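Here the structure comes first, spelled out in C-alpha cells, and everything after it is commentary.
The values are calculated or read from the model by the stated rules, or taken from the named source; none is laboratory data. Predicted, not measured: the structure shown is a model, and the values here were computed from it. Cβ: placed from backbone, ideal geometry, glycine included. Neighbour counts: every protein chain shown.
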Amino acid sequence: MTSNKKLTAALSGDVSRRGFLGGTAALGVTAASSSALMGRKAYAAKKGGHLRAGIGHGSTTDSLDPATYENGFSLALDYTLHNHLGEVDHTGGVKPELAESWEASPDAKTWSFKLRKGVEFHNGKSLEASDVIASIEYHMGEDTKSPAKSLLKQVKSMKADGKHEVVIELESGNADFPYVISDYHIAIKPATDGKINPTDGIGTGGYVLENYEPGVRFMANKNKNYFKSDRAHFDQVELITIIDLAARQNALTTGEIDMMDRADLKTVHLLKRKPGINVMETVGYKHYTFPMRTDTKPFDNNDLRLALKYALDREELVKKILRGHGVVGNDHPISPTNQYHADGLAQRAYDPDKAKFHLKKAGMEGETIQLSAADAAFPGAVDAAVLYKEHAAKAGINIEVVREPNDGYWSNVWMKKGWGACYWGGRPTEDWMFTTAYAAGADWNDTFWKHDRFNELLLAARAELDSDKRRTMYYEMQEIVSNDGGVVVPMFANYVFAASDKILPSEQMAGNWELDGSKFAERWSFA
C-alpha cells in the first residue's frame, strides 16, 4: 500500500488503528477478566429484560445537552440515546457508525462522509446531511461552552452533497479526523431549520428516553426501529447514580442492580469470590490527575509545579490506590497504549531533594498549598490526596487537603479552584487528547496552560502524514507537558467493573472508556 492508501484504509475501518500502527497489543479485556469470562457457562444472548446499571458518577447539575457531558453517567446516557459518525471498537480503531463510509483527500484536508440510509431519529425523522451539519455546528458557535469546540476549530467549511453525504474541509490536514468527529459530545441530533434542540433527548440510538432525573436515575426504552439489528437487546435500560463505592458494590451483591462501574479496588478480591458475580478489567487510556491552574498564583510558577511533581511517590499511589490495577504516569496524558507514547522519556521519580530545590527557587518555603479532592473525581481521590500530603511533607512542602462534596464537584471545584483532583478517560489519539485538554484556549484545558512551542507542534503534527515525523513531534510535546505543564499525572488506571453472571458482555470489549467503551447498553445482553 502507498502511505495515503494505507491511511485511508486504516481510518475507514478496513483495518484497526492498532493493526495499522504496527502490531502492538490491542485494547480490550485483560487476562484477568478474560479468564473470568472463560470460566462462565456458554450462554446465547437473549432479547429483552430490564438492565439496571449502578454508575459511580452523576450530579444534580448534569443535563441532556451533549455540550455539557462531563462524567461517566453522561457518557453512558449519550451512548444509550445517540449515535455518532464513527465509533471506537475493541482494537482502538474507529469504524463508521452513522456514516456508512468516509474518504479523505491525499493531504487529509477534505473528508467526505457518506451517511447510512434508512436511519430514523426517535421522533420518526429520517437522518440527513443537514442533521449532521447542524449537530456539528452547535459545538462551533461563539457562545458554546462545548469542549468539542477546540476539536472543531480546524473545520474550515461543511456542505451537504445531496441528502446523504457531508463534505468537511479542514484548515490543514488531519489524519485522525474520523476520531475527532466521533467525539462523544458530537451526538447527531435531528435539525429543524438548521438548528438542533440540544436538550430534547432525541437521537438515533438503541433506546428512547423515558425519564431523566439528574444525579439520581435515567430510564430509556428499546428503540424498535434501531438500525443496528444485532445491538440494543434490552427492553429497558436504567442508569442509577450510586457514588458511594460500598453502596454500589452492595447493590450488586444483593441483586438491586445488574452491573456496576468503578469496582472498589480495596475489596475487589473479595467481590471476585462472590457466587454469581463476574469481575472484568480492561486496559485503555484512563488516567488520574492533579491539575493546577497556571493562570493563578502560586501555580503560575513552574518551579513550584516541578516541586510538586517531584514530591509525589507514584509507585505508592499505584500500589495503594490502584492496588496494582494500573501503571505510573509521567506528568503527561499519553497512555503507554497510545501509538506515539514517549517511552524513551525519563520517568520522573519521587525525589524530596529536587522538590526542596524547586520549592526554594519558587520562594514558597513555609507556605501552605491547598489541594481539593472528592471521590467523585476518581475512586480513592481523597486517600490519594492524603498520601500526597505525606509524601510532600518529607520535602518540606505543606499541603492542606480540602475534602469537597461529591455532588457538584465537576461544576464547583474542577477548573474553579487552584489545585484539585481529576480523572480523564483519555483519547485513542494524541491529537484528540492534546487538543481537548492542553491546547491554548481549549474549554477543557483545566490547567489554563499556554505554551507557544507546544501549540505550534500541535498544528504541525496534526497535518503531518509521515509517521516517523509525527512521532518525533508527539514525543517533544509529551516532554514539554511533563516539564512545563500544570498537571501532575501520577498514574494510568485500568477499568475494573463487575456484573451479575446473568449478564452477557461482549466477547471482545473496548477499552477506550469503562464498561466496554461505555456502550454496554447496546453491546451487552442477558444470558
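For this structure, a couple of remarks:
- Segments classed as strands (runs of 3 or more DSSP E), wholly inside the range 189-249, with at least 3 members that are more than 22 Å from the chain's Cα centre (by Cα): 207-213, 217-222
- Taken over the range 451-470, residues that are under 17 Å from ALA108 (Cβ atoms), among the basic types (Lys, Arg) and touching a residue at least 12 places away in the same chain (Cβ under 8 Å) amount to 2.
- Residues of the range 411-433 classified as of a type in the set (Gly, Ala, Ser) and either modelled with pLDDT under 95 or within 11 Å of the chain's Cα centre (by Cα) (or both), total: 3
Let's see how each residue does on (1) surrounded by fewer than 17 Cβ atoms within 10 Å (Cβ to Cβ); (2) at pLDDT 95 or above:
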site: ARG217; (1), (2): no, yes
site: ASN225; (1), (2): yes, yes
site: ALA246; (1), (2): yes, no
site: THR253; (1), (2): no, yes
site: ILE257; (1), (2): no, yes
site: LEU270; (1), (2): yes, no
site: LYS297; (1), (2): yes, yes
site: ARG305; (1), (2): no, yes
site: LYS319; (1), (2): yes, yes
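- Total residues in the range 69-91 satisfying the condition of being closer than 20 Å to ASP261 by Cβ, hydroxyl-bearing (Ser, Thr, Tyr) and in contact (Cβ under 8 Å) with a residue 24 or more places away in the chain: the figure is 3.
- Residues that are surrounded by fewer than 23 Cβ atoms within 10 Å (Cβ to Cβ), modelled with pLDDT under 95 and among the hydroxyl-bearing types (Ser, Thr, Tyr) are absent from the range 494-504.
For every residue, the table says whether it meets (1) surrounded by fewer than 23 Cβ atoms within 10 Å (Cβ to Cβ); (2) within 24 Å of the chain's Cα centre (by Cα).
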| site | (1), (2) |
| --- | --- |
| THR144 | yes, yes |
| LYS149 | yes, yes |
| LYS153 | yes, yes |
| LYS156 | yes, no |
| ASP161 | yes, no |
| ASN174 | no, yes |
| PHE177 | no, yes |
| SER182 | yes, yes |
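- Matching residues, the range 390-410, being part of a loop (DSSP other than H, G, I, E, B) and at pLDDT 95 or above: LYS394, ALA395, GLY396, ILE397, GLU404, PRO405
- The set of residues from the range 326-338 being crowded, with 19+ Cβ neighbours inside 10 Å, modelled with pLDDT under 95 and more than 15 Å from the chain's Cα centre (by Cα) is empty.
- Close pairs from the range 205-217: first farther than 24 Å from ASP407 by Cα and touching a residue at least 24 places away in the same chain (Cβ under 8 Å), partner hydroxyl-bearing (Ser, Thr, Tyr) and part of a loop (DSSP other than H, G, I, E, B), Cβ under 6 Å, at least 6 apart: GLY206/TYR226
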